[in-house]
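Everything below concerns the one structure shown next.
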Protein chains: 2
Amino acid sequence: MSLARHRPWAGAYSTEALCARILERHRQVVRVQKTPVAVANLARIITATLRLSNKQGFHATSLRELAKASGLSMGGLYTYFANKPMLLSMILGEVMATASEVLRAPPEAVAMDAVAHLNWLIATHIRLSEAMQPWFVFAFMEAKSFPPAERQIALEGEVDTESIIAEVLKQGAASGVFVIGEVGLTAALIKPLLQDWYVKRAKYRKRGTTIETYIDAVTAFVGAALGAGTAAAGRASRPAFGQG
Amino acid sequence: MSLARHRPWAGAYSTEALCARILERHRQVVRVQKTPVAVANLARIITATLRLSNKQGFHATSLRELAKASGLSMGGLYTYFANKPMLLSMILGEVMATASEVLRAPPEAVAMDAVAHLNWLIATHIRLSEAMQPWFVFAFMEAKSFPPAERQIALEGEVDTESIIAEVLKQGAASGVFVIGEVGLTAALIKPLLQDWYVKRAKYRKRGTTIETYIDAVTAFVGAALGAGTAAAGRASRPAFGQG
DNA sequence: ACTTATCGAGCGAGCGCTCGCTCGGAAATT
DNA sequence: AATTTCCGAGCGAGCGCTCGCTCGATAAGT
(Lines give C-alpha, C1' and ligand atoms only; values in the text may rest on other atoms or scores of the structure.)
Protein backbone atom coordinates (compact mmCIF):
# COMPACT_ATOMS: atom_id res chain seq x y z
CA MET A 1 0.00 0.00 0.00
CA SER A 2 1.22 3.44 -0.85
CA LEU A 3 -0.25 4.70 2.40
CA ALA A 4 1.83 2.26 4.41
CA ARG A 5 4.90 3.16 2.41
CA HIS A 6 4.48 6.75 3.38
CA ARG A 7 3.70 6.07 7.02
CA PRO A 8 5.84 3.16 8.16
CA TRP A 9 5.08 4.33 11.72
CA ALA A 10 1.35 3.83 11.39
CA GLY A 11 1.70 1.06 13.97
CA ALA A 12 4.64 2.35 15.95
CA TYR A 13 2.92 5.67 16.62
CA SER A 14 -0.58 4.41 17.26
CA THR A 15 -2.36 5.60 20.38
CA GLU A 16 -1.85 2.18 21.95
CA ALA A 17 1.89 2.21 21.36
CA LEU A 18 2.28 5.75 22.62
CA CYS A 19 0.25 4.97 25.72
CA ALA A 20 2.38 1.92 26.42
CA ARG A 21 5.40 4.20 26.45
CA ILE A 22 3.63 6.66 28.72
CA LEU A 23 2.84 3.81 31.10
CA GLU A 24 6.51 2.77 31.20
CA ARG A 25 7.53 6.31 31.97
CA HIS A 26 4.99 6.68 34.79
CA ARG A 27 4.88 3.17 36.22
CA GLN A 28 5.10 4.32 39.84
CA VAL A 29 2.13 6.67 39.64
CA VAL A 30 -0.30 4.44 37.71
CA ARG A 31 -1.81 2.25 40.42
CA VAL A 32 -3.31 -0.35 38.08
CA GLN A 33 -0.99 -3.38 38.02
CA LYS A 34 -1.99 -5.39 34.98
CA THR A 35 -0.22 -3.86 32.03
CA PRO A 36 -2.76 -4.73 29.30
CA VAL A 37 -5.61 -3.24 31.34
CA ALA A 38 -3.57 -0.17 32.17
CA VAL A 39 -2.58 0.47 28.56
CA ALA A 40 -6.11 -0.01 27.28
CA ASN A 41 -7.60 2.38 29.82
CA LEU A 42 -4.81 4.92 29.40
CA ALA A 43 -5.54 4.88 25.69
CA ARG A 44 -9.22 5.55 26.32
CA ILE A 45 -8.43 8.33 28.77
CA ILE A 46 -5.90 10.03 26.52
CA THR A 47 -7.98 9.67 23.37
CA ALA A 48 -10.86 11.34 25.18
CA THR A 49 -8.58 14.03 26.62
CA LEU A 50 -7.16 14.90 23.21
CA ARG A 51 -10.55 14.96 21.57
CA LEU A 52 -12.21 17.15 24.19
CA SER A 53 -9.22 19.43 24.78
CA ASN A 54 -8.65 20.11 21.12
CA LYS A 55 -12.29 21.11 20.84
CA GLN A 56 -12.69 23.28 23.93
CA GLY A 57 -9.31 23.54 25.64
CA PHE A 58 -7.79 21.38 28.37
CA HIS A 59 -8.72 23.75 31.16
CA ALA A 60 -12.34 23.85 30.05
CA THR A 61 -12.56 20.05 30.00
CA SER A 62 -13.81 18.77 33.33
CA LEU A 63 -12.92 15.41 34.81
CA ARG A 64 -16.58 14.48 34.87
CA GLU A 65 -16.77 15.01 31.12
CA LEU A 66 -13.57 13.06 30.76
CA ALA A 67 -14.89 10.21 32.89
CA LYS A 68 -18.03 9.94 30.80
CA ALA A 69 -16.17 10.15 27.50
CA SER A 70 -13.55 7.60 28.47
CA GLY A 71 -16.01 5.18 30.08
CA LEU A 72 -14.27 5.25 33.48
CA SER A 73 -15.46 6.78 36.72
CA MET A 74 -14.05 9.78 38.54
CA GLY A 75 -12.17 7.52 40.94
CA GLY A 76 -11.05 5.31 38.09
CA LEU A 77 -9.33 8.20 36.41
CA TYR A 78 -7.32 8.93 39.52
CA THR A 79 -5.70 5.52 39.45
CA TYR A 80 -3.91 6.65 36.29
CA PHE A 81 -2.68 10.09 37.35
CA ALA A 82 -2.21 12.03 40.57
CA ASN A 83 -3.85 15.26 39.42
CA LYS A 84 -5.11 17.01 36.33
CA PRO A 85 -1.90 18.86 35.39
CA MET A 86 -0.05 15.55 35.47
CA LEU A 87 -2.36 14.20 32.77
CA LEU A 88 -1.36 17.15 30.63
CA SER A 89 2.29 16.55 31.39
CA MET A 90 2.07 12.89 30.36
CA ILE A 91 0.82 13.81 26.90
CA LEU A 92 3.22 16.69 26.45
CA GLY A 93 6.21 14.59 27.47
CA GLU A 94 5.36 11.84 25.03
CA VAL A 95 5.06 14.24 22.09
CA MET A 96 8.39 15.88 22.86
CA ALA A 97 10.23 12.61 23.35
CA THR A 98 8.85 11.03 20.19
CA ALA A 99 9.45 14.07 17.99
CA SER A 100 13.04 14.45 19.07
CA GLU A 101 13.70 10.73 18.70
CA VAL A 102 12.30 10.50 15.19
CA LEU A 103 13.87 13.66 13.82
CA ARG A 104 17.31 12.76 15.15
CA ALA A 105 17.40 9.44 13.29
CA PRO A 106 17.63 10.19 9.58
CA PRO A 107 18.39 7.28 7.21
CA GLU A 108 22.10 7.11 6.44
CA ALA A 109 21.59 7.73 2.74
CA VAL A 110 19.95 11.05 3.51
CA ALA A 111 22.24 12.37 6.22
CA MET A 112 25.12 12.82 3.78
CA ASP A 113 23.40 15.36 1.52
CA ALA A 114 22.19 18.65 2.99
CA VAL A 115 19.36 19.15 0.48
CA ALA A 116 18.10 15.61 0.86
CA HIS A 117 18.48 15.83 4.63
CA LEU A 118 16.49 19.06 4.85
CA ASN A 119 13.76 17.69 2.61
CA TRP A 120 13.66 14.56 4.74
CA LEU A 121 13.26 16.69 7.87
CA ILE A 122 10.41 18.63 6.29
CA ALA A 123 8.58 15.54 5.09
CA THR A 124 9.20 13.60 8.28
CA HIS A 125 8.11 16.38 10.60
CA ILE A 126 4.90 16.92 8.65
CA ARG A 127 4.13 13.20 8.37
CA LEU A 128 4.83 12.60 12.05
CA SER A 129 2.59 15.50 13.01
CA GLU A 130 -0.08 13.98 10.78
CA ALA A 131 0.23 10.54 12.37
CA MET A 132 0.08 12.12 15.84
CA GLN A 133 -2.10 15.05 14.89
CA PRO A 134 -4.22 15.41 18.04
CA TRP A 135 -1.07 15.07 20.15
CA PHE A 136 0.76 17.82 18.31
CA VAL A 137 -2.19 20.17 18.36
CA PHE A 138 -2.54 19.56 22.08
CA ALA A 139 1.13 20.25 22.76
CA PHE A 140 1.05 23.42 20.71
CA MET A 141 -2.15 24.87 22.12
CA GLU A 142 -1.87 23.91 25.77
CA ALA A 143 1.82 24.38 26.45
CA LYS A 144 1.62 28.03 27.42
CA SER A 145 -0.95 27.61 30.18
CA PHE A 146 1.32 25.23 32.01
CA PRO A 147 3.41 25.37 35.19
CA PRO A 148 6.91 26.78 34.55
CA ALA A 149 8.70 23.44 34.80
CA GLU A 150 6.63 21.74 32.12
CA ARG A 151 6.43 24.82 29.98
CA GLN A 152 10.21 24.73 29.91
CA ILE A 153 10.03 21.22 28.44
CA ALA A 154 7.73 22.43 25.69
CA LEU A 155 10.00 25.37 24.94
CA GLU A 156 13.01 23.12 24.76
CA GLY A 157 11.16 20.91 22.32
CA GLU A 158 10.64 23.86 20.02
CA VAL A 159 14.26 24.95 20.29
CA ASP A 160 15.38 21.36 19.82
CA THR A 161 13.61 20.99 16.47
CA GLU A 162 15.00 24.27 15.28
CA SER A 163 18.54 23.35 16.17
CA ILE A 164 18.18 20.13 14.16
CA ILE A 165 17.11 22.20 11.16
CA ALA A 166 19.82 24.78 11.80
CA GLU A 167 22.48 22.09 11.83
CA VAL A 168 21.49 20.90 8.37
CA LEU A 169 21.29 24.46 7.05
CA LYS A 170 24.80 25.10 8.35
CA GLN A 171 26.16 22.09 6.50
CA GLY A 172 24.36 23.09 3.33
CA ALA A 173 25.60 26.66 3.55
CA ALA A 174 29.16 25.44 4.15
CA SER A 175 29.07 23.18 1.11
CA GLY A 176 27.53 25.97 -0.95
CA VAL A 177 24.19 24.36 -1.87
CA PHE A 178 22.27 26.85 0.28
CA VAL A 179 22.44 30.64 0.27
CA ILE A 180 21.50 31.73 3.77
CA GLY A 181 21.79 35.03 5.59
CA GLU A 182 21.55 33.89 9.17
CA VAL A 183 21.22 30.17 9.82
CA GLY A 184 19.43 30.42 13.16
CA LEU A 185 16.83 32.88 11.95
CA THR A 186 16.22 30.91 8.76
CA ALA A 187 15.63 27.74 10.78
CA ALA A 188 13.21 29.72 12.93
CA LEU A 189 11.26 30.67 9.80
CA ILE A 190 11.06 27.10 8.51
CA LYS A 191 9.51 25.80 11.74
CA PRO A 192 6.12 27.56 11.44
CA LEU A 193 5.77 26.19 7.91
CA LEU A 194 5.97 22.69 9.36
CA GLN A 195 3.56 23.52 12.17
CA ASP A 196 0.90 25.15 10.05
CA TRP A 197 -0.19 21.78 8.73
CA TYR A 198 -1.51 20.66 12.08
CA VAL A 199 -2.21 24.02 13.72
CA LYS A 200 -4.58 25.07 10.93
CA ARG A 201 -5.62 21.66 9.71
CA ALA A 202 -9.24 22.67 9.23
CA LYS A 203 -8.18 25.33 6.77
CA TYR A 204 -6.20 22.94 4.60
CA ARG A 205 -8.90 20.33 4.75
CA LYS A 206 -11.40 22.89 3.50
CA ARG A 207 -8.98 23.87 0.74
CA GLY A 208 -8.75 20.22 -0.24
CA THR A 209 -4.96 20.24 0.20
CA THR A 210 -3.54 16.74 0.70
CA ILE A 211 -0.52 16.04 2.86
CA GLU A 212 1.54 15.17 -0.21
CA THR A 213 0.62 18.45 -1.84
CA TYR A 214 1.50 20.29 1.33
CA ILE A 215 4.86 18.59 1.73
CA ASP A 216 5.72 19.29 -1.91
CA ALA A 217 4.67 22.93 -1.53
CA VAL A 218 6.74 23.50 1.61
CA THR A 219 9.71 21.68 0.11
CA ALA A 220 9.56 23.75 -3.05
CA PHE A 221 8.98 26.98 -1.13
CA VAL A 222 11.87 26.42 1.27
CA GLY A 223 14.11 25.06 -1.48
CA ALA A 224 13.58 28.15 -3.61
CA ALA A 225 14.02 30.44 -0.63
CA LEU A 226 17.38 28.84 0.16
CA GLY A 227 18.46 28.92 -3.44
CA ALA A 228 18.84 25.15 -3.50
CA GLY A 229 19.73 24.23 -7.08
CA THR A 230 17.10 21.58 -7.69
CA ALA A 231 13.94 22.00 -5.68
CA ALA A 232 12.76 18.82 -7.39
CA ALA A 233 15.29 16.98 -5.22
CA GLY A 234 12.52 17.10 -2.66
CA ARG A 235 11.06 14.04 -4.25
CA ALA A 236 14.18 12.11 -3.43
CA SER A 237 13.13 12.01 0.19
CA ARG A 238 9.95 10.12 -0.31
CA PRO A 239 11.11 6.70 -1.41
CA ALA A 240 13.39 6.67 1.62
CA PHE A 241 10.32 6.19 3.80
CA GLY A 242 9.54 2.93 2.09
CA GLN A 243 12.47 1.22 3.68
CA GLY A 244 11.34 2.04 7.21
CA MET B 1 12.30 59.75 15.51
CA SER B 2 12.94 56.67 13.42
CA LEU B 3 10.58 54.75 15.67
CA ALA B 4 7.73 57.10 14.87
CA ARG B 5 8.53 56.89 11.19
CA HIS B 6 8.20 53.14 11.32
CA ARG B 7 5.06 53.19 13.44
CA PRO B 8 2.90 56.09 12.40
CA TRP B 9 0.02 54.32 14.15
CA ALA B 10 1.68 54.42 17.56
CA GLY B 11 -1.11 56.79 18.60
CA ALA B 12 -3.92 55.51 16.40
CA TYR B 13 -3.53 51.97 17.69
CA SER B 14 -2.98 52.72 21.35
CA THR B 15 -5.09 50.90 23.89
CA GLU B 16 -7.12 54.06 24.50
CA ALA B 17 -7.92 54.54 20.81
CA LEU B 18 -8.85 50.90 20.35
CA CYS B 19 -11.06 50.96 23.43
CA ALA B 20 -12.81 54.09 22.18
CA ARG B 21 -13.68 52.18 19.02
CA ILE B 22 -14.88 49.22 21.06
CA LEU B 23 -17.10 51.56 23.05
CA GLU B 24 -18.63 52.97 19.86
CA ARG B 25 -19.33 49.49 18.62
CA HIS B 26 -20.99 48.40 21.88
CA ARG B 27 -22.66 51.60 23.02
CA GLN B 28 -25.95 49.96 23.85
CA VAL B 29 -24.46 47.33 26.15
CA VAL B 30 -22.05 49.55 28.10
CA ARG B 31 -24.24 51.11 30.76
CA VAL B 32 -21.79 53.86 31.72
CA GLN B 33 -22.88 57.06 29.98
CA LYS B 34 -19.93 59.44 30.27
CA THR B 35 -17.64 58.59 27.39
CA PRO B 36 -14.28 59.62 28.96
CA VAL B 37 -15.00 57.54 32.05
CA ALA B 38 -16.17 54.59 29.98
CA VAL B 39 -13.11 54.64 27.72
CA ALA B 40 -10.69 54.93 30.62
CA ASN B 41 -12.27 52.02 32.49
CA LEU B 42 -12.63 49.90 29.37
CA ALA B 43 -8.93 50.42 28.79
CA ARG B 44 -8.11 49.26 32.31
CA ILE B 45 -10.38 46.24 31.98
CA ILE B 46 -9.03 45.19 28.59
CA THR B 47 -5.41 45.80 29.48
CA ALA B 48 -5.86 43.56 32.50
CA THR B 49 -7.74 40.95 30.46
CA LEU B 50 -5.01 40.78 27.83
CA ARG B 51 -2.24 40.59 30.41
CA LEU B 52 -3.86 37.85 32.49
CA SER B 53 -5.25 35.86 29.55
CA ASN B 54 -2.00 35.81 27.64
CA LYS B 55 -0.30 34.46 30.76
CA GLN B 56 -2.82 31.84 31.85
CA GLY B 57 -5.60 31.70 29.27
CA PHE B 58 -8.91 33.54 29.15
CA HIS B 59 -10.89 30.68 30.58
CA ALA B 60 -8.54 30.37 33.55
CA THR B 61 -8.83 34.07 34.34
CA SER B 62 -11.63 34.65 36.84
CA LEU B 63 -13.69 37.82 37.04
CA ARG B 64 -12.51 38.31 40.62
CA GLU B 65 -8.91 38.35 39.43
CA LEU B 66 -9.90 40.70 36.65
CA ALA B 67 -11.72 43.02 39.06
CA LYS B 68 -8.67 43.22 41.30
CA ALA B 69 -6.25 43.76 38.41
CA SER B 70 -8.37 46.43 36.72
CA GLY B 71 -9.23 48.27 39.93
CA LEU B 72 -12.98 47.83 39.49
CA SER B 73 -15.39 45.69 41.45
CA MET B 74 -17.28 42.64 40.29
CA GLY B 75 -20.40 44.69 39.78
CA GLY B 76 -18.45 47.46 38.10
CA LEU B 77 -17.18 45.07 35.45
CA TYR B 78 -20.70 44.10 34.52
CA THR B 79 -21.59 47.66 33.53
CA TYR B 80 -19.17 47.21 30.62
CA PHE B 81 -20.23 43.82 29.30
CA ALA B 82 -23.17 41.47 29.65
CA ASN B 83 -21.20 38.29 30.29
CA LYS B 84 -17.71 36.90 30.14
CA PRO B 85 -17.79 35.59 26.55
CA MET B 86 -18.87 39.04 25.39
CA LEU B 87 -15.68 40.52 26.83
CA LEU B 88 -13.74 38.08 24.67
CA SER B 89 -15.84 38.95 21.67
CA MET B 90 -15.19 42.69 22.08
CA ILE B 91 -11.44 42.17 21.91
CA LEU B 92 -11.59 39.67 19.06
CA GLY B 93 -13.85 41.90 16.99
CA GLU B 94 -11.57 44.88 17.37
CA VAL B 95 -8.50 42.95 16.23
CA MET B 96 -10.25 41.58 13.17
CA ALA B 97 -11.73 44.92 12.15
CA THR B 98 -8.47 46.80 12.57
CA ALA B 99 -6.35 44.22 10.77
CA SER B 100 -8.65 44.05 7.79
CA GLU B 101 -8.94 47.85 7.63
CA VAL B 102 -5.21 48.47 7.71
CA LEU B 103 -4.20 45.74 5.29
CA ARG B 104 -6.82 46.78 2.74
CA ALA B 105 -5.49 50.34 2.52
CA PRO B 106 -2.06 50.23 0.88
CA PRO B 107 -0.48 53.51 -0.23
CA GLU B 108 -1.19 54.21 -3.89
CA ALA B 109 2.46 54.13 -4.86
CA VAL B 110 2.73 50.58 -3.58
CA ALA B 111 -0.49 49.12 -4.94
CA MET B 112 0.72 49.35 -8.52
CA ASP B 113 3.72 47.04 -8.14
CA ALA B 114 3.16 43.45 -7.01
CA VAL B 115 6.58 43.05 -5.40
CA ALA B 116 6.34 46.34 -3.52
CA HIS B 117 2.76 45.54 -2.56
CA LEU B 118 3.64 42.14 -1.17
CA ASN B 119 6.58 43.56 0.75
CA TRP B 120 4.33 46.30 2.11
CA LEU B 121 1.83 43.65 3.24
CA ILE B 122 4.56 41.70 5.00
CA ALA B 123 6.01 44.73 6.76
CA THR B 124 2.61 46.20 7.64
CA HIS B 125 1.19 42.98 9.03
CA ILE B 126 4.25 42.41 11.19
CA ARG B 127 4.39 46.00 12.41
CA LEU B 128 0.67 46.09 13.17
CA SER B 129 0.93 42.85 15.09
CA GLU B 130 3.83 44.40 17.02
CA ALA B 131 1.86 47.55 17.87
CA MET B 132 -1.10 45.43 18.96
CA GLN B 133 0.89 42.46 20.16
CA PRO B 134 -1.21 41.41 23.20
CA TRP B 135 -4.35 41.76 21.08
CA PHE B 136 -3.03 39.55 18.31
CA VAL B 137 -1.75 36.91 20.69
CA PHE B 138 -5.13 36.90 22.41
CA ALA B 139 -7.02 36.52 19.14
CA PHE B 140 -4.76 33.70 18.01
CA MET B 141 -4.76 31.71 21.23
CA GLU B 142 -8.33 32.11 22.40
CA ALA B 143 -10.24 31.97 19.12
CA LYS B 144 -10.72 28.21 19.08
CA SER B 145 -12.35 27.93 22.50
CA PHE B 146 -15.16 30.20 21.43
CA PRO B 147 -18.84 29.78 20.63
CA PRO B 148 -19.38 28.90 16.95
CA ALA B 149 -20.61 32.34 15.92
CA GLU B 150 -17.54 34.20 17.16
CA ARG B 151 -15.18 31.46 16.08
CA GLN B 152 -16.53 31.99 12.60
CA ILE B 153 -15.47 35.64 12.79
CA ALA B 154 -11.95 34.62 13.75
CA LEU B 155 -11.79 32.10 10.94
CA GLU B 156 -12.99 34.65 8.44
CA GLY B 157 -10.28 37.02 9.64
CA GLU B 158 -7.66 34.41 8.85
CA VAL B 159 -9.14 33.69 5.44
CA ASP B 160 -9.49 37.41 4.80
CA THR B 161 -5.80 38.11 5.30
CA GLU B 162 -4.87 35.21 3.08
CA SER B 163 -7.11 36.36 0.29
CA ILE B 164 -5.45 39.79 0.42
CA ILE B 165 -2.08 38.11 0.01
CA ALA B 166 -3.41 35.78 -2.67
CA GLU B 167 -4.72 38.70 -4.70
CA VAL B 168 -1.28 40.29 -4.82
CA LEU B 169 0.36 36.99 -5.66
CA LYS B 170 -2.07 36.53 -8.51
CA GLN B 171 -1.22 39.93 -9.98
CA GLY B 172 2.50 39.27 -9.61
CA ALA B 173 2.20 35.87 -11.24
CA ALA B 174 0.18 37.35 -14.10
CA SER B 175 2.78 40.04 -14.76
CA GLY B 176 5.54 37.46 -14.53
CA VAL B 177 7.47 38.82 -11.51
CA PHE B 178 6.48 35.83 -9.36
CA VAL B 179 6.84 32.15 -10.14
CA ILE B 180 4.09 30.42 -8.20
CA GLY B 181 2.65 26.93 -8.35
CA GLU B 182 -0.67 27.44 -6.65
CA VAL B 183 -1.56 30.96 -5.53
CA GLY B 184 -3.91 30.01 -2.69
CA LEU B 185 -1.57 27.49 -1.15
CA THR B 186 1.39 29.85 -1.41
CA ALA B 187 -0.57 32.58 0.36
CA ALA B 188 -1.44 30.05 3.04
CA LEU B 189 2.29 29.39 3.55
CA ILE B 190 3.16 33.07 3.86
CA LYS B 191 0.64 33.68 6.63
CA PRO B 192 2.36 31.64 9.37
CA LEU B 193 5.60 33.49 8.65
CA LEU B 194 3.83 36.73 9.54
CA GLN B 195 2.23 35.21 12.62
CA ASP B 196 5.36 33.65 14.06
CA TRP B 197 6.63 37.07 15.14
CA TYR B 198 3.89 37.49 17.72
CA VAL B 199 2.99 33.86 18.42
CA LYS B 200 6.57 33.03 19.44
CA ARG B 201 7.70 36.46 20.49
CA ALA B 202 9.62 35.15 23.51
CA LYS B 203 11.78 33.06 21.23
CA TYR B 204 12.78 35.95 19.00
CA ARG B 205 13.37 38.20 21.97
CA LYS B 206 15.71 35.60 23.40
CA ARG B 207 17.49 35.34 20.06
CA GLY B 208 17.92 39.13 20.05
CA THR B 209 16.10 39.43 16.72
CA THR B 210 14.73 42.93 16.15
CA ILE B 211 11.53 43.57 14.25
CA GLU B 212 13.49 45.17 11.40
CA THR B 213 15.69 42.10 11.12
CA TYR B 214 12.63 39.88 11.17
CA ILE B 215 10.83 41.85 8.48
CA ASP B 216 13.93 41.82 6.30
CA ALA B 217 14.38 38.09 6.82
CA VAL B 218 10.76 37.24 5.94
CA THR B 219 10.83 39.60 2.96
CA ALA B 220 14.03 38.03 1.64
CA PHE B 221 12.80 34.50 2.35
CA VAL B 222 9.46 34.98 0.63
CA GLY B 223 11.00 37.00 -2.19
CA ALA B 224 13.48 34.25 -2.94
CA ALA B 225 10.82 31.57 -2.66
CA LEU B 226 8.65 33.37 -5.21
CA GLY B 227 11.58 33.97 -7.51
CA ALA B 228 11.08 37.74 -7.28
CA GLY B 229 13.97 39.29 -9.21
CA THR B 230 15.09 41.80 -6.60
CA ALA B 231 14.45 40.75 -3.03
CA ALA B 232 16.12 44.01 -2.05
CA ALA B 233 13.01 45.76 -3.34
CA GLY B 234 11.67 44.95 0.08
CA ARG B 235 13.36 48.06 1.41
CA ALA B 236 11.20 50.18 -0.87
CA SER B 237 8.23 49.56 1.37
CA ARG B 238 9.67 51.12 4.47
CA PRO B 239 9.93 54.81 3.60
CA ALA B 240 6.29 54.64 2.56
CA PHE B 241 5.39 54.40 6.24
CA GLY B 242 6.87 57.81 6.90
CA GLN B 243 4.05 59.51 5.09
CA GLY B 244 1.37 58.10 7.39
C1' DA C 1 -25.80 81.23 48.09
C1' DC C 2 -27.75 77.52 50.24
C1' DT C 3 -30.54 73.44 50.52
C1' DT C 4 -32.69 69.54 48.60
C1' DA C 5 -33.71 66.06 45.01
C1' DT C 6 -32.02 63.17 41.61
C1' DC C 7 -28.99 60.24 39.33
C1' DG C 8 -25.39 57.43 37.44
C1' DA C 9 -21.26 54.85 38.79
C1' DG C 10 -19.46 51.64 41.54
C1' DC C 11 -19.46 48.24 45.34
C1' DG C 12 -19.15 43.39 47.30
C1' DA C 13 -21.68 39.76 49.92
C1' DG C 14 -24.11 36.12 48.42
C1' DC C 15 -26.70 32.95 44.98
C1' DG C 16 -26.76 28.54 42.46
C1' DC C 17 -23.66 25.76 40.51
C1' DT C 18 -19.49 23.11 38.94
C1' DC C 19 -14.91 22.37 39.80
C1' DG C 20 -10.81 19.01 41.17
C1' DC C 21 -10.33 15.56 44.20
C1' DT C 22 -11.26 11.72 48.03
C1' DC C 23 -12.59 7.50 50.07
C1' DG C 24 -15.31 3.62 51.79
C1' DG C 25 -17.24 -0.07 49.91
C1' DA C 26 -19.10 -3.01 45.82
C1' DA C 27 -17.58 -5.91 42.04
C1' DA C 28 -14.39 -8.57 39.70
C1' DT C 29 -10.39 -11.35 39.40
C1' DT C 30 -7.15 -14.73 41.11
C1' DA D 1 -10.56 -15.87 50.86
C1' DA D 2 -7.62 -12.42 49.41
C1' DT D 3 -6.42 -9.04 46.38
C1' DT D 4 -7.06 -5.84 42.87
C1' DT D 5 -9.96 -2.78 40.27
C1' DC D 6 -13.47 0.31 39.94
C1' DC D 7 -17.34 3.11 41.39
C1' DG D 8 -19.81 7.52 42.44
C1' DA D 9 -21.72 10.31 46.34
C1' DG D 10 -19.79 13.88 48.68
C1' DC D 11 -16.29 17.62 50.21
C1' DG D 12 -14.66 22.43 50.30
C1' DA D 13 -13.27 25.86 47.13
C1' DG D 14 -14.08 28.81 43.65
C1' DC D 15 -16.77 29.94 39.57
C1' DG D 16 -19.93 33.50 36.74
C1' DC D 17 -23.22 36.53 37.81
C1' DT D 18 -26.88 39.52 40.57
C1' DC D 19 -28.75 43.03 43.22
C1' DG D 20 -29.69 46.04 47.16
C1' DC D 21 -26.98 49.44 48.42
C1' DT D 22 -23.61 53.79 49.05
C1' DC D 23 -21.89 57.98 47.61
C1' DG D 24 -20.24 62.09 45.25
C1' DA D 25 -21.55 65.14 41.57
C1' DT D 26 -24.83 67.67 39.29
C1' DA D 27 -29.41 69.99 38.79
C1' DA D 28 -33.44 72.17 40.61
C1' DG D 29 -35.81 74.82 43.80
C1' DT D 30 -35.80 78.67 46.95
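The values are calculated or read from the model by the stated rules, or taken from the named source; none is laboratory data. Keep in mind that this is a model prediction, so the values were computed, not measured. In this analysis, Cβ positions are derived from the backbone assuming ideal geometry, glycine residues included, and neighbour counts consider all displayed protein chains. In case anyone asks, the SASA skips ligands and DNA or RNA and just uses the protein heavy atoms, side chains included. Shrake-Rupley method; radii C 1.70, N 1.55, O 1.52, S 1.80 Å.
Rounded to the nearest 10 degrees, the angle from helix B:114-131 to the longest Cα principal axis of chain B is 30 degrees.
In terms of solvent-accessible area of protein heavy atoms at a 1.4 angstrom probe, what is the ranking of A:V115, A:V179, B:V199, highest value first?
Details: A:V115 20, A:V179 110, B:V199 45 Å².
From most accessible down to least: A:V179, B:V199, A:V115.
With the label put 7 angstrom out from Cα along the Cα-to-Cβ vector, A:E156 ends up 4.5 nm from the copy partners, going from closest to farthest. Along its principal axes, chain A has C-alpha extents of 60, 41, 37 angstrom, given from the largest down. Ligands, DNA and RNA excluded, the heavy atoms of B:T213 present near 60 Å² of accessible surface to a 1.4 Å solvent probe.
What total accessible area, in Å², is buried where chains B and A meet, using a 1.4 Å probe and rounding to the nearest 100? Before the final figure, lay out the partial values.
On the way: alone 12170 and 12160 Å², together 21130 Å².
For B against A, buried area totals roughly 3200 Å².
Summing Cβ point charges (Lys, Arg +1; Asp, Glu -1) relative to the Cα centre of chain B gives a dipole of roughly 1080 debye. Here is how far apart the B:L63 label points are across copies: 2.7 nm, shortest first, using a point 7 Å from Cα toward Cβ.
Using a 7 Å projection from Cα along Cα-to-Cβ, the label point at B:G227 is separated from the same position in the remaining copies by 1.7 nm, smallest value first.
Please give the net charge around A:A166, taking every other residue with its beta carbon less than 14 angstrom from that of A:A166, where Lys and Arg add +1 and Asp and Glu add -1. Taking every other residue near A:A166 into account, the sum is 0.
Solvent-accessible area of segment B:1-134 (1.4 angstrom probe, protein heavy atoms only): carbon and sulfur portion equals 58 percent. Estimated from helices alone, the mean residue ellipticity of the protein assembly as shown at 222 nm is -22000 deg cm²/dmol (sum of -39500 (n - 2.57) over DSSP H runs with n ≥ 4, per residue).
Please compute the per residue accessible area over segment B:92-243 with all protein chains in place, 1.4 Å probe, rounded to a whole number of Å².
Dividing the accessible area of segment B:92-243 by its residue count gives 38 Å².
Considering Cα pairs under 8 angstrom that are at least six residues apart, work out the relative contact order of chain A and quote it in whole percent. Don't skip to the end; give the middle numbers.
Working: 230 pairs, mean separation 55.4, N = 244.
Answer for chain A is 23 percent.
Report the longest stretch of chain A that contains none of the trypsin sites (Lys or Arg not before Pro) sitting in a DSSP loop with at most 14 other Cβ atoms within 10 Å. That gives A:105-244 as the longest site-free run.
Specify the angular offset, from 0 to 90 degrees and rounded to the nearest 10, of the alpha carbon long axis of helix B:15-25 from the longest principal axis of the alpha carbons in chain B. For B:15-25 against chain B, the angle is about 70 degrees.
Phi-derived couplings, Karplus 6.51 cos²θ - 1.76 cosθ + 1.60 at θ = phi - 60°, listed residue by residue for segment B:184-199: x, 5, 5, 4, 4, 7, 6, 3, x, 5, 6, 6, 4, 4, 9, 5 Hz, with x used for Gly and Pro. Figure note: A:V177, B:V159 ranked by solvent-accessible area, largest first, 1.4 Å probe, ligands and nucleic acids not counted: B:V159, A:V177.
Could you sort B:E24, A:E94 by their accessible area in this structure, using a 1.4 Å probe and putting the largest first? All intermediate terms of the calculation are to be shown ahead of the outcome.
Working: B:E24 140, A:E94 0 Å².
Result, largest first: B:E24, A:E94.
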